[in-house]
1. Roughly how large is the A-B contact in terms of buried accessible area, totalled over both chains, probe 1.4 Å, nearest 100 Å²?
2. If you consider only alpha-carbon coordinates, what radius of gyration and Dmax does region B:257-339 have, in Å?
3. Which three extents, in angstrom, do the Cα atoms of region A:427-485 have along their principal axes, listed largest first?
4. Bins of 10 Å, beginning at zero and ending with the bin holding the largest distance: percent of Cα pairs per bin for the protein assembly as shown, please.
5. Which distances, shortest first and in nm, link A:G281 to the matching position in the other copies, using label points set 7 Å out along Cα to C-beta?
6. Give me the base-10 log of I(q)/I(0) for region A:241-295 at each q in 0.19, 0.22, 0.27, 0.31 Å⁻¹, Debye formula, one uniform scatterer per Cα, rounded to two decimals.
7. Determine the calculated [θ] at 222 nm for chain A from helices alone, applying -39500 (n - 2.57) to every DSSP H run no shorter than 4 residues and normalising by the residue count; nearest 500 deg cm²/dmol.
8. Just to confirm the numbers: A:Q518, label point 7 angstrom along the Cα-Cβ line, distances to the other copies in nm, shortest first?
There are 2 protein chains.
Amino acid sequence: MGWPVCRWAPGLLLWACVCPALGERLLVMPVDGSHWLSMKLLVSELARRGHHVLLLIPETSVLIEGSELMRIQRFPVPYSREELSSSLTGFQKDVFQRSPPLTDLLLNVQRLLSFTDMQVIGCEALLYNQTLMEQLKREDFNLLLTDPFLPCGSILADALSLPSVYFLRGLPCGLDLLAAQCPAPVSYVPRFGMGATDRMNFPQRLQNTLMGVVELLLCRVMYRSFDELAARYLNKAVTYRDLLGHGAIWLLRYDFTFEYPKPTMPNMVYIGGINCQKSSGLKEEVEEFVEGSGEHGIVVFTLGSLVQSMPAEKASVFFQAFSQIPQRVLWRYTGELPDHVPENVKLMKWLPQNDLLGHPKARAFITHGGTHGIYEGICHGVPMVMLPLFGDQGDNVHRVASRGVGVVLNIHDITPEMLIDALNTVINESSYKERMVKLSAIHNDRPIEPLDLAVFWTEFVMRNKGAGHLRPAAHDLNWFQYHSLDVIGFLLFVMVIVVMVLIRCCVFCLRRCGRKLQKRKED
Amino acid sequence: MGWPVCRWAPGLLLWACVCPALGERLLVMPVDGSHWLSMKLLVSELARRGHHVLLLIPETSVLIEGSELMRIQRFPVPYSREELSSSLTGFQKDVFQRSPPLTDLLLNVQRLLSFTDMQVIGCEALLYNQTLMEQLKREDFNLLLTDPFLPCGSILADALSLPSVYFLRGLPCGLDLLAAQCPAPVSYVPRFGMGATDRMNFPQRLQNTLMGVVELLLCRVMYRSFDELAARYLNKAVTYRDLLGHGAIWLLRYDFTFEYPKPTMPNMVYIGGINCQKSSGLKEEVEEFVEGSGEHGIVVFTLGSLVQSMPAEKASVFFQAFSQIPQRVLWRYTGELPDHVPENVKLMKWLPQNDLLGHPKARAFITHGGTHGIYEGICHGVPMVMLPLFGDQGDNVHRVASRGVGVVLNIHDITPEMLIDALNTVINESSYKERMVKLSAIHNDRPIEPLDLAVFWTEFVMRNKGAGHLRPAAHDLNWFQYHSLDVIGFLLFVMVIVVMVLIRCCVFCLRRCGRKLQKRKED
């Protein structure tokens, strides 16, 4: 079975259709938003190589689009795009509101919980859509490629008996490591939101250990409804974590220029920087603005695709700061236009971020700390001023800052002076640029490009119908056995018995000796 | 600084000398014997790419030779080649002598201990050779490439302040994993000599746990003299394990078609099968013998480079068996020639093993189970009959057998019938060949060739003066901290205090209540 790919061939003055014979059949379940931006690169490349791709997405998806090489199948969900959108708008407002540290953590959890709840409803709508499920079965796919941030993929893979490849940055509460049976000692692998590096003092390790326990509990709460759905739909005693553990390959969107070195598993493949490309030319108007910056260069500023607008009073802080720096600023700005925009600031609805960061004039990058942007910064060697907003961004920026290639500011406390200071530091203190250039060189010094690696392992799983030889036997053990608690228990039991027998023997001997002595005395 | 490389240029009728300008300077400390056969491939390729290689070896080395591209520096040691050779001859005789299982383990340990002792003496002779050490310092190397089976390399790397790359299959008592801070849960990572797979029942896990403890103790005993030498020479409190932990990259001569999947670390690179090459043509005489085998094909038989000859009575078992099989046999045989050699057997002093296994007529491979041979078997998809002799070979063959692509025989018990049966099984039971073809396909299905990967990472370390970004922070923790025992201790302490305070409170309350009740009664 092969879906024909048709293109307009100008030389032939006709539509040329190609029917790829060798392509495999991929079912892709992506996550909308910035997650899709990276995954799209892999999916497009797979399609370009002649594989037949079907994108399976809820009808509420905004960013995900098919192409002439990729079919798209939208399934109905019992919530509207407006409902999803309004929940996101509330979310966008939240990030600029100050909240105490613990509340912030709880808020993050609450957001994830509500996200998960919506996903469960969407997943149910897919799984119980019999017509669609029958169609998917008939299409006889070779692989399911999914971002497991959306747990529905694993359930679908099991239902359709497909091997799966995961594409992700990480999962809440470290579920990715748990499911992949990857050890992560609490003594040097910092947990979510810890604000610690891999070098922790005693109080930090104590905090990290406690967070490790909290995460385990959190995981159970957060994925409870998915556990329930999986068990009900697949009609077997199974949790989401079990299903997730069946992933053949984990394509992880980081590497160790960003993440702290830690244990890994044979089926984990590091493709950090997959989104980073050689910068191509800018539009004439933008190029002119950039070139006009002279020796001072430019500052690139964006807070990501999820944050559509910034409250006016917050934006004025940035406008004030920018009016006092010698650099020119390119700002992805979709909010209300103020009365007076400084001359050195160019507001744009969409920013050619990669091309701007790759421009020789780029001096600094103001970012919210999504991995996407951070990797573009690392790739092109541009020091950063970081304003984490939510999710894993706090952890991300901490990693960058701990390498001395960026400065972290708090979006709630920020003043024009603080921003000017931070920009001044990363632009004019040469150590920032030097360390960043070195980090960038190490990141780019790799035996194979991340995209090629991702394509290879996805095709590997299709060719070999899985990657069973990389699946650790730990999956067959329960946690009690995995940690050898039964063995330790048995050994302790034996020791206790031995000690008891020894004590008995001693007591017996002492008594006998005592009696003998008494007898002698009596004699 | 660059050492000129001179070649006879027939076209120019003169010696053409090239002085490579960009090459880095590598100091290489290899281990003699089969270890060198694999490492030589990497070293030769590095030399070919214009790097300046100096092979540093004791004068007793037999197999290691320089070339026009590689300089060689032999250093004197206080034992002769004959002494080394005679210890090896005794060793060769040992392997054909039967010993009870536990004795076998102890014998292995004893062999390693005596090997280590000789290495310590050799290492001392190098380190305290002031002229040579001064020369090495002057040469200003960029990297030390060593097989850490010989612990001297790590001490030298520290003394010369060089980053190091390791090239190995593994180290006794799992020291490689300990030094690299790589977790290896006893519940599914079998220890040395366990004869277990990664799927163990309770008694096996119990045995494995105990072996894990024994290994820890064994490590201390085995490397004690090296610990002492390192601390004395470097004049600091350091153990061999500490020094070993400073290795930038571990090039491991296995992959997960052979080894069971288990945790790994970011600086571990898997290059299993690096020794395997496309088979090139055979010599005419050998090709004729092979082709003459007809539909039955050939059996390739070698027990490795360390075993020079086999006792006559043991050899006769093989001759008897071979005379009864329809296949032709090519046997690497350096012992006494018997009166009658069966017509279908060709004895050779040296076997083009890779080319024979890659020949379409290859039906089975009789091997002692060294990783070198096993990988050639896997690479070319030839099922095996395995006769482990010593060291890690017992573990190796168990891994191959557990994948259903080979049969293990005991060299001590072997009879002609058993050998015929085993050959019959792997040649005529199609499942063996089928599984082997599949395993071979998976092994060969890789994004980058092992040799290229090894070259890349060696050059990476030279380019970047190490691979610090891959070094886990676990190295800065002692074992107490690594396992969070201080944190757990503190939490238990707090829990005890809390429970005690609660009990006190309860007792206090109960007493008060009791008193009140008594008072009321008294009233």
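The values are calculated or read from the model by the stated rules, or taken from the named source; none is laboratory data. These numbers were taken from a predicted model, which means no experiment stands behind them. Every residue, glycine among them, receives a Cβ derived from its backbone with ideal geometry; neighbour counts consider all protein chains shown. When the accessible area is computed, the model is the full protein with side chains, heavy atoms only, and any ligands, DNA or RNA have been set aside. Shrake-Rupley method; radii C 1.70, N 1.55, O 1.52, S 1.80 Å.
1. Details: alone 26440 and 26350 Å², together 48660 Å².
Adding both sides of the contact gives about 4100 Å².
2. When restricted to Cα atoms, region B:257-339 yields Rg and Dmax of 18.2, 56 Å.
3. That gives 55, 38, 15 Å along the principal axes, largest extent first.
4. In whole percents, the pair-distance histogram is 2, 9, 16, 20, 19, 15, 10, 5, 2, 1, 0, 0, 0.
5. 5.4
6. Each listed q maps to, in turn, -0.79, -0.92, -1.09, -1.19.
7. On the way: 19 runs with 243 residues, N = 523.
My calculation for chain A gives -14500 deg cm²/dmol from helical runs alone.
8. Label-point separations across copies, in nm and ascending: 4.0.
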